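S.K.: Let me begin by handing over the structure; questions about it come next.
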Amino acid sequence: MKKTAGIIAEYNPIHRGHQYHIQQTRLLTQADYIIVAMSGDYVQRGTPAVFDKYHRTRMALLSGADLVVELPVCYATASAEYFALGGIWTLDSLGIVTDLCFGSESGDLASLLALAKLLSHEPEDYQTLLRACLKKGVSFPVARREALLSYINTYPDLPKSQWNKLLESPNNILGIEYLKALNRLHSSIHPHTVLRDGACYHETQLPDSSIFTSASALRRALADSAPFKQLAPYLPSDCRTYFQQILASGELLWTDDFSLLLHMRLIQENADSLTCYVDVTPELANRIENRKTEYRSFSQFTELLKTKELTHTRIQRALLHILLGITELSFPPYIRLLGVRKESRELLSLIQKHSSVPVCAGTGRALRDLPASSYGLIRQQLYPSELYQSVLSHKINAPYVPEHSRPLIVL
């Protein structure tokens, strides 16, 4: 079997750092093909993607990916642990992915593996430290970092240099979760990491001295209506014309484009019913219920609900899960194929032969071919994208195109 590397990504939106990652993955793994498991129309921050999954699939293929499949929505919008689990499950289920390559701020796979091993087993001493940190009223990510650092100081088999820096970096943390997921699923996929180059993950300003920026900075520039010529240097060259066409058509969505829909959902719920949604604790449900009358917009309500213990992103995810009706994390009965390069179509037959779950190029086929008992899970995948496309078509005054009518993208 040919060597196939997997990447888990959002591309929200794609930039030259993502293209560099694809190129380095091919060099590092010597892969014949690269498959990307990409978030669909919603991303891990708990927001809609700025461009829909079809535009982002096309740009991923233009930037060097051979095939793109969709990360199940309940995992695409989950915390790092479950985002990683959904991504690894998707790649592993295809049956042909031999290697995984993820970006990290450290580039130190050995240290990430050591931490992943520790967190996979979670010794009692570590759990005790974690509970103590959580009692201080800090958020879970902060509590986990403090507990890990305290535990590492008494753990003789782990090197102790620069652990704090490693545990503060978001791509390192996500990398650890990928490694945990590989272990949890008993996957034979071999991991690699590429040192992240250029702007910090959270950087919100386009850099003056580098061609590499962050997706956050690009989104900020898009939100500020920056001229295309200001964005172009940070985009893969083969994507620039297509990116410019999307901007000209106005096909961008932001969190507050969903404000009215979220408000409608919240009006229909109460403190008890809200707790059935993923990431909504009883405390958060009561806070939502008590402050409903102060709702003005999605983003405003997120800020209103934020506390020391509940981060902005955690609340945003919870509100998005309410909006999309996500009540559980479960693997779907099929994997959605979004796009493929013409010269890489051999992958389709390889996946058909080796995948452990059905892989469908369209949702119409999934509805036809899968048993009726799967329809509920299929609808859970379809509804969020249909909602996204409904909001987008209304915003740009264009005809609504349902999911089952979307063809496979072939470049």
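No lab work stands behind these numbers, since they all come straight from the coordinates. As the structure is a prediction and not an experimental result, all values here were calculated from the model. No Cβ is skipped: glycine too gets one built from the backbone with ideal geometry, and neighbour counts run over all protein chains shown.
S.K.: Using the 10 angstrom Cβ neighbour count as an exposure proxy, how do Phe228, Phe258 rank, fewest first?
M.R.: Arranged by neighbour count, lowest to highest, Phe228, Phe258 become Phe228, Phe258.
S.K.: Please report the antiparallel percentage of the DSSP beta bridges confined to the chain, to the nearest 5.
M.R.: If I count the DSSP bridges inside the chain, around 20 percent turn out antiparallel.
S.K.: Additional query: I'd like to compare 13-23, 233-243, 352-362: which one has the highest average count of other Cβ atoms within 10 Å, and what's the full order after that?
M.R.: 13-23, 233-243, 352-362
S.K.: Quick one: Karplus J couplings for region 231-247, per residue in order, coefficients 6.51, -1.76, 1.60, θ = phi - 60°, nearest Hz, x for Gly and Pro?
M.R.: Along region 231-247, the couplings run 7, 3, x, 9, 9, x, 4, 6, 9, 4, 4, 5, 4, 5, 5, 5, 4 Hz.
S.K.: Output ³J(HN,Hα) for region 116-132: one whole-Hz value per residue in order, computed from phi by the Karplus curve 6.51 cos²θ - 1.76 cosθ + 1.60 with θ = phi - 60°, and x for Gly and Pro.
M.R.: Each residue's phi maps through the Karplus curve to give 4, 5, 4, 6, 5, 9, 6, x, 4, 4, 5, 4, 5, 5, 5, 4, 5 Hz.
S.K.: Can you tell me which lysines have their Cα less than 16 Å from the Cα of Lys135? Leave out same-chain residues fewer than eight positions away.
M.R.: Partners within reach: Lys308.
S.K.: Based on the mean of other Cβ atoms within 10 Å per residue, sort peptides 209-220, 319-330 so the most packed one is first.
M.R.: Per-residue mean Cβ counts within 10 Å order the peptides as 319-330, 209-220.
S.K.: Moving on. Starting from the Cα of Lys117, draw a straight line to each of the lysines and keep only those under 22 Å, dropping any in the same chain fewer than 8 residues away.
M.R.: Reachable lysines: Lys160, Lys165, Lys180.
S.K.: If you build the Cα gyration tensor of the chain and take the root of 5 times each eigenvalue, what three semi-axes come out, in whole angstrom, biggest first?
M.R.: Gyration-tensor ellipsoid for the chain: 30, 28, 23 Å.
S.K.: So, in Å, what gap is there between the alpha-carbon centers of region 72-122 and region 238-281?
M.R.: 26 Å
S.K.: Run the simple label-point estimate for Cys276 and Glu124 please: 7 Å along Cα→C-beta, distance reported in nm.
M.R.: Placing both labels 7 Å along Cα→Cβ, they lie 3.9 nm apart.
S.K.: Aspartates and glutamates near Lys53 by alpha-carbon distance under 15 Å, same-chain residues fewer than 8 away left out - which ones?
M.R.: Once the sequence-local aspartates and glutamates are set aside, what remains near Lys53 is Glu10, Asp41, Glu70, Glu251, Glu386, Glu403.
S.K.: Would you compute, from DSSP H runs of 4+ residues alone, the mean residue ellipticity of the chain at 222 nm, taking -39500 (n - 2.57) per run and dividing by the full residue count, rounded to the nearest 500?
M.R.: -15000 deg cm²/dmol
S.K.: How large is Rg over Rh for region 255-324, taking Rg from the Cα atoms and Rh as the Kirkwood inverse mean of 1/r across Cα pairs?
M.R.: Rounded to two decimals, Rg over Rh is 0.90.
S.K.: With charges only on Cβ, +1 for K and R and -1 for D and E, what is the dipole size of region 177-319 about its Cα centre, in debye, rounded to 20?
M.R.: With Lys and Arg at +1 and Asp and Glu at -1, about 160 debye.
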